[in-house]
Amino acid sequence: MVKLFCAIVGVLGKAFPVNIDAGQSVGDLKKKIKKDNPGKLKGIDANDLQVFAAKKGGAWLSSLSEDVKKLKNGEKTALIEALTKENQELREEGPLEDMLSGMGPPSFNQTHVLVVVPKVESKRPAAAEALASISKKFKPEPKILTELLPLSVTEGEYQLDKLSEKRANDSPMVPTPDLHQFWKEYGGFPECYFIRQEEVVFGVLVVRLLTEGKNRVVIVGSPGVGKSCFLMLMAFYLA
């Protein structure tokens with residue numbers, strides 16, 4: 001039985017001991033590493049782990065060396081990069097005795113095995129998956145206007161040049177039944193449009209700016225004050 005100190009490459013953390021019989025295989029070592037680290041290796045199959053011998057010049061890496069200190073901080077030095085190249089990987093079916101051959105007996109204050117964990121795609125928690133599934137089931141698919149459709153709108157619904165007159169009425173509302181009927185499945189449009197004094201001013205100003213060649217006008221304001229409705233009416237007026 002030997003005690004091998006293993007370190008996971010690229011992950012912040014201390015080396016951990018694994019007790020295993022020298023007559024076992026590298027594959028057995030992978031399973032032991034996985035079993036002893038259920039938290040760090042959650043969701044990782046033992047067979048997908050890559051293991052490498054942590055030795056240089058016929059000696060195990062000292063835990064006091066700068067390379068190992070940086071390794072425990074999640075850093076990879078040039079030496080660690082060299083030791084974990086693909087052609088240095090220990091074969092699954094190979095005996096541990098091959099790795100130990102010609103080396104001094106594994107001891108304390110040493111690092112013997114470097115472990116490389118494959119990258120895995122993160123998954124949403126089960127609760128989030130369930131919520132997304134329910135939301136998708138009950139959320140209606142939005143309809144998208146993909147082809148030209150005939151639209152007949154009464155002129156009175158978008159006469160911006162007469163907003164001032166309508167605003168002066170006792171009931172400054174513009175009925176918009178045709179626009180409401182057409183757009184009800186594509187985002188919606190109200191059945192009537194309340195004329196604010198701001199719309200009267202904007203109507204005159206925007207038309208003047210556009211006729212003067214200024215093709216970009218930005219209107220900002222609080223939500224729900226009628227900006228989108230005003231944009232729709234302006235589009236029909238200019239058309």
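Just so you know, all these numbers are worked out from the coordinates, no wet-lab data involved. Note that the structure is predicted; figures quoted are calculated from it, not measured. FYI the Cβ positions are ideal-geometry reconstructions off the backbone, even for glycines, and counts take in every protein chain you see.
Here are the numbers for the structure shown:
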{"item": "Efficiency of FRET between LYS69 and ILE44 - r from beta-carbon atoms, R0 35 angstrom, step 0.05", "result": "0.85"}
{"item": "Additional length obtainable on full extension of the chain from VAL220 to LYS35, 0.36 nm per residue less Cα span", "result": "60.6 nm"}
{"item": "Ranked GLU198, GLU81, criterion: other C-beta atoms within 10 Å, fewest first", "result": "GLU81, GLU198"}
{"item": "Tensor-based shape of region 2-116 (alpha-carbon gyration tensor, a/c under 1.5 rounded, otherwise prolate or oblate)", "result": "rounded"}
{"item": "Distance in nm between pseudo-label sites at LYS227 and PHE108 (7 Å out along the Cβ direction from Cα)", "result": "6.9 nm"}
{"item": "Cut-off under 5 Å, modelled amide H: who pairs with TYR193 long-range", "result": "VAL174, THR176"}
{"item": "Under the Karplus curve 6.51 cos²θ - 1.76 cosθ + 1.60, θ = phi - 60°, whole-Hz ³J(HN,Hα) for region 226-231, x wherever Gly or Pro sits", "result": "x, 4, 5, 4, 4, 4"}
